[in-house]
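Undergrad: Sharing a structure, written as structure tokens. Questions coming.
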Amino acid sequence: MNKLLSMLGLCRKAGKLRLGSEAVVEAIRGENKPPLVLLTSDAALNQVKRIENACAYHKVPLVKLEVTKGELGAALGSAAQTVCAAIIDKGFADAVIKLINNNKSEKTAVYPGGAQ
């Protein structure tokens, strides 16, 4: 999980990450859809439903991570807790998916077109 969090930190420094449910939903609904959306394990039910519905409707892949919002926020250098993030660069998204697939012991769920 450390490699994944490090990759997300790099993605943020490169300016290829949108943080927070409002920014993520806005990115999903926009013209240039993000190739990947990430959701923490301890997100509030209403936020989970909102992100899942937006991803499913707009056919954006969603990954549920076994990371808390505090851990994700700390890894991204944010003082605030971060519930969700949208990767807006295909190269970074592919790298994150590769890291998840290489570490099968992690409990993550990947939904290709949003939640099932």
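The values are calculated or read from the model by the stated rules, or taken from the named source; none is laboratory data. From a predicted model like this one, the values you see are computed outputs, not experimental measurements. Because the Cβ atoms are built from the backbone with ideal geometry, glycine has one as well, and the counts that use them run over all protein chains shown.
Undergrad: Cβ-Cβ distance below 9 Å, separation of 6 or more or different chains: which pairs start in region 38-57 with a residue that is of a type in the set (Lys, Arg) and end on one that is in a helix (DSSP H, G or I) and at pLDDT 95 or above?
TA: Taking only residues 6 or more apart or on different chains, the pairs are Arg50/Val25.
Undergrad: Here is a further query. Scanning region 69-88 for residues that are out of contact with any helix residue (DSSP H, G or I) (no Cβ under 9 Å at 6 or more places or on another chain) and without any contact (Cβ under 8 Å) to a residue 12 or more places away in the chain, which turns out farthest from Arg18 (Cα to Cα)? Explain how you work it out, then say what you get.
TA: Narrowing region 69-88 to residues out of contact with any helix residue (DSSP H, G or I) (no Cβ under 9 Å at 6 or more places or on another chain): 69-70, 73.
Narrowing further to those that are without any contact (Cβ under 8 Å) to a residue 12 or more places away in the chain: 70, 73.
Working: Gly70: 16, Gly73: 12 Å.
So the residue we want is Gly70.
Undergrad: For the list (1) surrounded by 16 or more Cβ atoms within 10 Å (Cβ to Cβ); (2) in contact with a Phe, Trp or Tyr (Cβ under 9 Å, 6 or more places away or on another chain), I need the number of the one condition that Glu71 fails.
TA: (2)
Undergrad: Could you go through region 50-58 and let me know if any residue there is buried (at least 19 other Cβ atoms within 10 Å of the Cβ) and under 16 Å from Val96 (Cα atoms).
TA: No, region 50-58 has no match at all.
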